[in-house]
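The values are calculated or read from the model by the stated rules, or taken from the named source; none is laboratory data. Because the structure is a prediction, the values reported are computed rather than measured. Cβ atoms come from the backbone with ideal geometry, glycine included; neighbour counts cover every protein chain shown.
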Amino acid sequence: MAGVSLVRVSKRYGNLVAVDRVSLEIAPAEFFVILGPAGAGKTSILKMIAGIEEISEGEIRIDGGRVDVRASGDIDAAMIFENYALYPHWTVFENMAFPLKAKRRKVTSAEINNRVAEVARHLEIGSLLERYPAELSGGQKQRVALGRALVRKPRIFLMDEPLSHLDAKLRHQMRRELKKLKESLGTSVIFVTHDYMEALSLADRIAVLNKGRVCQVGTPDDVYFSPENTFVASLFGYPRINLVEGRILSQGERLVFCSEDGALVFPVPLRLKPGLENRKTDRVTAGIRPTSVRVVTNPPPGAARVEKFLTEPSGNKCLQHAWVGRTSLAMAGDTVGPPEGQDRLFVEVAAEKVFYFDPSGNRIKES
Amino acid sequence: MTMRAERQDLKSGIKRAAIYGGIVLFLVFALFPIFWIFLTSLKTDKDIISSVPKFIFSPTLGNYKAILFGVKAAGTETSRPDFILYFKNSLMITSGAVLVSLVAGVPAAYALARFKFKLKENIAFTFLSFRFAPEIAVIIPIFVIYRSLGLYNTFIGMVLVYQLVTLPLIIWIMRGYFEDLPESIEQAAKLDGYSRFAIFRKIALPLVKPGLASTAILSFIFAWNNFIFGLVLGAKETFPVTVGTLGFISYEAVLWGQMAAASIVTILPEVSIAFLIQKYLVRGLSMGAVRG
């Protein structure tokens, strides 16, 4: 069991800063996901931990021992590459045996056979051992790559978007298997992805990365239900969170949020009143999850009138778009929503669940 | 079939006929000299010098017997059994040169493809620049150097000077092959606990094998065809076959028939090797390594 810690690690390529003073603590046996859009520096972090890329600044420690100064063969991390990186000139068996054959590991050939066979059985690729990578499907290659990492029993696993090239069905299946594997493994996994669903479903904790910087580190619940900023909020969920610009106004004792053109107005929850009280001169952004808003036919008092309404049915769910003044709201509705073209529709916002962000995009918390 | 489809068919038919016509024309242009040499090699001296070129004659293997076994056939004046020696010289020099170039050039190509070091591009360019100047421009200084180093008319000297032909070729082509390998495969091996050299030997080298074969063959052909180095830096003991064939032009006569037979034998290794190339040029091996 090994934990990994990054202390103010940076990576520069010439003038480009790919990773900017990132500090992370990954606990032993933790499944840690690094999530971010393309070019956020996710893979660079992984490769620096693996020792494939040099770090420009900072320290990386595994089990308290510095690894950034050591050769990558000594680090004892297994990595699964985005393109699988199988050895094309060898059979599946040879691919999986290769890490064990390294001289430093001193594994006998009987032991190699046993371990490969055991892992192959576990991953259900026992029948593929004599095949070459070119003769495998994408999902099978994925399993072989996983198998090659597993036979070594490394201190940590590094996975670089391992599921991104599989088709949707296979991806879900592999996700379940990874989850199963995670329970039996007891080894830290650092998993890089740009897919928020993968992150939410697999991770113990998630680090959200943007432009080389860590935006937020937390459990899936943390990042989904308490996003630190608009970037994190809009990264999770489909359809994306609705970000509505507006102002905070007083209405008697209460505070209300009022969209830019005044068409959408809803109350601010009491717990946020202290934080928003002194924001009245600022423009704030309300973050409304598509699940926190719906259209209704019998309006509660003060509900905003929908001017245009569209639906996108997709089986068990139905995406809906409603226009209120100049604001468009995406909603994740039920299968049967109100019909399109109906002219007496209103939106109802679950005001308790709305996030508020200050002009620089940071969430305004209850203070 | 509609009118339009018919017209389309006709159009593509004409196009194809034109392409094939062009190919045939080019083949005639390129292959006729070889065909004529082949005919000449089967003729007696009398048939060769007849004022009307003869396409129909009674063929003889006399010229081949003369150059290969030194048999004086009827109608041939003298024989030059040295041809066998020159052929052997060519084989030794050319294979030696290609071998040395592979041993030195393939690791160099790998280093130029994968390592970061100072002046890398300059070094790579220097290798390429060996091919810029015509050999004739450097041959006199090389001759002087060879005389003083005692490399003149030695096989070692020949193999060394042939590096000017084979080494740049191998370094530059192999560098491209190495660069095309997905880096992640080598990174995976690195993480699996292997040294750089082990990765080169066990991963990179086997994966570029098809490229290696075709590059070696290509440089073999280039070296085999070289003329000037042998002419200036060698003597009878080390003459390659290209230079040796000149010996059929003597004071008394030009032995056209034997010269033609020698030319045909000389191109045999190249032709057979060229057929081998076709098989190796298929670069399927590194496919399937990455997602597919």
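Candidates B:Phe222, B:Phe200, B:Phe239, B:Phe229: the one that is aromatic (Phe, Trp, Tyr) and either in contact with a Ser or Thr (Cβ under 8 Å, 6 or more places away or on another chain) or on the phi > 0 side of the Ramachandran plot (or both) is B:Phe222.
If you go through the stretch A:73-86 and pick out every residue that is under 13 Å from B:Leu191 (Cβ atoms), at the interface with another protein chain (Cβ under 7 Å from one of its Cβ atoms) and surrounded by fewer than 24 Cβ atoms within 10 Å (Cβ to Cβ), you end up with 1. Select from the stretch B:126-144 the residues that are of a type outside the set (Val, Ile, Thr) and surrounded by 12 or more Cβ atoms within 10 Å (Cβ to Cβ) and write down the one among them that is farthest from the chain's Cα centre (by Cα). So the residue we want is B:Phe143.
Close contacts from the stretch B:106-122, counting a first residue that is under 13 Å from B:Glu179 (Cα atoms) and a second that is surrounded by 10 or more Cβ atoms within 10 Å (Cβ to Cβ) and among the aliphatic types (A, V, I, L, M), with Cβ to Cβ under 6 Å and a gap of 6+ residues or different chains, come to B:Val106/B:Met174; B:Ala108/B:Ile171; B:Ala109/B:Ile171; B:Ala109/B:Met174; B:Leu112/B:Ala124. Does the stretch A:117-126 contain at least one residue that is surrounded by 15 or more Cβ atoms within 10 Å (Cβ to Cβ), away from chain B (no Cβ under 14 Å), in a helix (DSSP H, G or I) and modelled with pLDDT under 90? Among the residues of the stretch A:117-126, at least one is surrounded by 15 or more Cβ atoms within 10 Å (Cβ to Cβ), away from chain B (no Cβ under 14 Å), in a helix (DSSP H, G or I) and modelled with pLDDT under 90, which makes the answer yes.
One line per residue, one yes/no per condition, for (1) within 26 Å of A:Ser226 (Cβ to Cβ); (2) in a strand (DSSP E or B); (3) touching a residue at least 24 places away in the same chain (Cβ under 8 Å):
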| site | (1), (2), (3) |
| --- | --- |
| A:Leu272 | yes, no, yes |
| A:Thr281 | yes, no, no |
| A:Thr291 | yes, no, yes |
| A:Val295 | no, yes, yes |
| A:Pro300 | no, no, yes |
| A:Trp323 | no, yes, no |
| A:Asp343 | no, no, no |
| A:Val347 | yes, yes, yes |
| A:Glu352 | yes, no, yes |
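Suppose we keep only residues that are of a type in the set (Gly, Ala, Ser) and touching a residue at least 12 places away in the same chain (Cβ under 8 Å) within the stretch A:87-111. Which one would you say is nearest to the other protein chains (Cβ to nearest Cβ)? In this case the residue turns out to be A:Ala102.
For the stretch B:44-64, a residue qualifies if it is in contact (Cβ under 8 Å) with a residue 24 or more places away in the chain and in contact with an Asp or Glu (Cβ under 8 Å, 6 or more places away or on another chain), and exactly one does: B:Asp45. Of the residues A:Leu276, A:Leu329, the single one that is at pLDDT 85 or above, outside any strand (DSSP E or B) and crowded, with 19+ Cβ neighbours inside 10 Å is A:Leu276. Scanning the stretch B:9-56 for residues that are at pLDDT 90 or above, among the aromatic types (Phe, Trp, Tyr) and loosely packed, with under 13 Cβ neighbours inside 10 Å yields B:Tyr20, B:Phe26, B:Phe29, B:Phe32, B:Phe35.
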